[in-house]
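Each reported figure results from applying straightforward, stated rules to the coordinates on display, with no laboratory input. Please read all numbers here as calculations on a predicted model, not as lab measurements.
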Amino acid sequence: MSLINMLPDDYVHRQKQRRMTRLCILLLVIVVLGVAGAALVSQRNYRITRQVSEDVNASYQEANRLIQQMQELEGSRGQMLEKAKLTAGLLERVPRSFLLATLTEAMPEGCSLATFELTSKKKTTLVITKDTKEQMAKQPPKPAESANDVTVTVTGLAGTDVEVARFIAAVAKCELVDTVDLVYSEQKKFQDQVVREFQVVLTLKSDADVRKLPLAANTPQADRLAKAAAEMPAATAGPQE
């Protein structure tokens, strides 16, 4: 038995077109929603990545700031330790009070001490460890252990140049002093009197140590040495590394 289609061909064709249109619209909506969803996910991932990058950069900047602070603290600490070593090394071996008393005692009658200035500089010598020039070019000289170059500048007043010479001779006899140099000696007017103003620069020995001085008992110098030795523990209790 055969079926007879009573629907017009135009109607059937329009129905097919409508179904195709609906299908295309549905597919278009699906594609648009997929693209929008992908864009939203991509934007969200971008924001997350950007936030992580900013956090990492902030962490690096904070770490860099902390490293700079540590380097500054290390530099300041090294300078403070170096100054402490210089001061402690001097106080351990030659207390200023002992040195000042020794200079005052060396002043002959008629002389007076005007100023007293002590300076300490770090002195470094180079030790060449290779003999040939070729080896020296390959390996530069290594610095030896540094020492302190301690100088004392004394300004005083005297009646004549003879008294100045006596003072220099008395100071030169001190076993702590290496060299004594006269900077100047000139005539000046002081309190309506004509005097000789002089300046002397003393250089202490690199191994100067008041504890090594041979002193006789019951002398002013021995008393000063005993007092300086009693003060040394307090002077050596400086900062430690």
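Here are some notes:
- Taking max minus min of the alpha-carbon positions on each principal axis, segment 8-93 gives extents of 126, 8, 7 Å, largest first.
- Separation of the alpha carbons by more than 22 angstrom is noted, of K121/K205; K83/K212; K83/K205; K85/K121; K85/K205, for K83/K212.
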